[in-house]
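Engineer: Let me give you the structure first, and then I'll get to my questions.
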Amino acid sequence: MGVFYMLNFLPWTLKRLLAAVLGQAIYYVIPVRRRVVLINLRLAFPELSEPQVRRLARAHFRSLALGLFETIAAWWSPARRLPPHEIRGREHFEAAAQSEQGALVLTAHVTLLELGARIINEQFEFCALYRAPNNPVVAEIMRRSREHHLRHAIPFEDLRGLVRALRDGNLVWYAPDQGKRTKMSEILPFFGEPAVTNVATSRIAKMSGCRVVPYYAHREPDGRYVLEAFPAWENFPSGDHTADARRVNAFIEAQVRRHPEQYFWVHKRFKRRGGDLPDVYA
């Protein structure tokens, strides 16, 4: 972590160059993660040839490596040293912030996750739902950083805290795309493949009376960062938790297809599906 702290003082042009080299190295040096990424990409993009899948996988690892530099910038950089960025659809954030309803700012796990949240929080006060990493040192640094920059960091398992924050009128960053087999999950299509899907989004919206404002962040080739908010969803929750979860999956899938290398493909998105479905990672 000390090394990464020092690397944060490098200019962004050099960080991107180092990330390209580091990403290529990780692709070849960590075969376990490479295998997971390749399996995910083959399932999600069956129309791609094997050389195209491997090119996309290498681009993903470069994106992951750059995500490391973006994360430490989000944790430790002052606002003046953040990279060039723009917020599109900011009126949707403004409307949600001015409302007393509160809002789930619904997004997905992308490689620039931390930096995107930090940039938005410089202009709109946010809370964030998060799951601590296993490493206790990294978990503590993450917790301190998020509590410093955010209005409030809410542990993933603290449902009461989440509902309370929404009822108090807060905007809460929320990414439900890494499903686990729980009573709040179902097997639903994601990129046309059965996947464990979190169906709690509409339940949370119903309990808290909040809006759901979709949001997505991506990098442009020139190094700019674009953070885009969309209009709050109408008829959400609809009363059908399965249909609502399908709507969430469809939104995330549509955004991922625009910049597929920037999604978090190292996660075993299609595991533990149960029934007669094969374990694709076995």
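Rule-based calculations on the coordinates, nothing more; no lab input. Source: prediction; values computed, not measured. For neighbour counting, all protein chains shown are included, and Cβ atoms are generated from backbone atoms with ideal geometry for every residue, glycine included.
Engineer: What does the helix-only formula give at 222 nm for the chain: each DSSP H stretch with n ≥ 4 adding -39500 (n - 2.57), the total divided by the residues, and the result rounded to the nearest 500 deg cm²/dmol? Each step should come with its number before you reach the end.
Structural biologist: Numbers: 10 runs with 132 residues, N = 282.
That comes out to -15000 deg cm²/dmol.
Engineer: Which loop-located GluC sites (Glu not before Pro) does the range 109-188 contain, where loop means any DSSP state but H, G, I, E or B and the Cβ has at most 11 other Cβ atoms within 10 Å?
Structural biologist: 157
Engineer: How high is the FRET efficiency between residue 90 and residue 29 when r is their beta carbon distance and R₀ equals 45 Å, given to the nearest 0.05?
Structural biologist: Numbers: r = 41 Å, r/R0 = 0.91.
The formula returns an efficiency of 0.65 here.
Engineer: Please compute the contact order of the chain in relative form: average sequence separation of alpha-carbon pairs under 8 Å and at least six residues apart, divided by the residue count, as a percent. Each step should come with its number before you reach the end.
Structural biologist: Numbers: 462 pairs, mean separation 67.3, N = 282.
Taking the mean separation of contacting Cα pairs over the length of the chain, I get 24 percent.
Engineer: Also, I was wondering about something else. Can you put 201, 182 in order of Cβ neighbours within 10 angstrom, beginning with the fewest?
Structural biologist: Numbers: 201 22, 182 10.
Starting with the residue having the fewest Cβ neighbours, the order is 182, 201.
Engineer: Still on this structure: Rounded to the nearest 20 Debye, what is the dipole magnitude of the range 180-224 about its Cα centre when Lys and Arg each give +1 and Asp and Glu each give -1 at the C-beta?
Structural biologist: Its charge dipole is roughly 320 debye.
Engineer: Extending each Cα 7 Å along its Cβ direction at residue 48 and residue 138, get the distance between those two points in nm, one decimal.
Structural biologist: 2.4
Engineer: To check you understand DSSP bridge types, tell me what percent of the beta bridges within the chain (both residues inside) are antiparallel, rounded to 5.
Structural biologist: On the way: 12 of 31 bridges.
Around 40 percent antiparallel, to the nearest 5.
Engineer: Which whole-Hz couplings ³J(HN,Hα) result when phi for each residue of the range 230-245 is put into the Karplus expression 6.51 cos²θ - 1.76 cosθ + 1.60, θ = phi - 60°, listed in order with x for Gly and Pro?
Structural biologist: 10, x, 4, 5, 7, 6, 9, x, 8, x, 10, 4, 5, 4, 5, 5
Engineer: At 7 Å along Cα-to-Cβ for each site, give me the label-to-label distance between residue 158 and residue 280 in nm.
Structural biologist: 3.5
Engineer: Taking a point 7 angstrom from the Cα of residue 267 along the C-beta vector, which residues in the range 108-137 have backbone N less than 16 Å away?
Structural biologist: 108-117, 128-134
Engineer: Suppose a student asked you for the relative contact order of the range 1-134, using Cα pairs under 8 Å spaced at least 6 residues apart; what percent would you report? Spell out each step's value before the answer.
Structural biologist: Details: 83 pairs, mean separation 38.4, N = 134.
Dividing the mean separation by the residue count of the range 1-134 yields 29 percent.
Engineer: Fewest to most neighbouring Cβ within 10 Å: what's the order for 13, 107?
Structural biologist: Numbers: 13 9, 107 25.
Going from sparsest to densest Cβ surroundings: 13, 107.
Engineer: For the range 199-205, just list the computed ³J(HN,Hα) in residue order, Karplus coefficients 6.51, -1.76 and 1.60, θ = phi - 60°, integers in Hz, with x standing in for Gly and Pro.
Structural biologist: Result, rounded to whole Hz: 10, 7, 4, 6, 5, 5, 4.
Engineer: Working out 0.36 nm times the residue gap between residue 178 and residue 77, then minus their Cα-Cα distance, what length gain in nm do you get to one decimal?
Structural biologist: Values: separation 101, 0.36 × 101 = 36.36 nm, distance 2.81 nm.
Going from the current span to full extension adds 33.6 nm.
Engineer: What is the magnitude of the charge dipole of the chain about its Cα centre, with +1 placed on the Cβ of each Lys and Arg, -1 on the Cβ of each Asp and Glu, and no other charges, expressed in debye to the nearest 20?
Structural biologist: On the way: 40 positive and 28 negative charges, 165 e Å.
My answer is approximately 800 debye.
Engineer: Quick one: Cα centre-to-centre distance for the range 122-195 and the range 211-262, in angstrom?
Structural biologist: Cα centroid to Cα centroid, the span is 16 Å.
Engineer: So which lysines pass the test for residue 268, namely a Cα distance under 21 Å, with those fewer than 8 places away in the same chain ruled out?
Structural biologist: 180, 183
Engineer: Once phi is turned into ³J(HN,Hα) by the Karplus curve 6.51 cos²θ - 1.76 cosθ + 1.60 with θ = phi - 60°, what whole-Hz value does each residue of the range 248-260 show in order, with x for glycine and proline?
Structural biologist: Running phi through 6.51 cos²θ - 1.76 cosθ + 1.60 with θ = phi - 60° gives 4, 4, 5, 4, 4, 4, 4, 6, 4, 4, 6, 9, x Hz.
Engineer: Can you pull out the chymotrypsin sites (Phe, Trp or Tyr not before Pro) in the range 1-95 whose DSSP state is coil and whose Cβ has at most 12 other Cβ atoms within 10 Å? Mind dumping the intermediate values first?
Structural biologist: Details: sites: 4, 5, 9, 12, 27, 28, 61, 69, 75, 76, 93; in loops: 9.
Of the chymotrypsin sites (Phe, Trp or Tyr not before Pro), the ones in loops of the range 1-95 whose Cβ has at most 12 other Cβ atoms within 10 Å are 9.
Engineer: Identify the GluC sites (Glu not before Pro) of the range 39-113 meeting these criteria: DSSP loop state and at most 11 other C-beta atoms within 10 Å of the C-beta.
Structural biologist: Values: sites: 47, 70, 86, 91, 94, 100; in loops: 47, 100.
Of the GluC sites (Glu not before Pro), the ones in loops of the range 39-113 whose Cβ has at most 11 other Cβ atoms within 10 Å are 47, 100.
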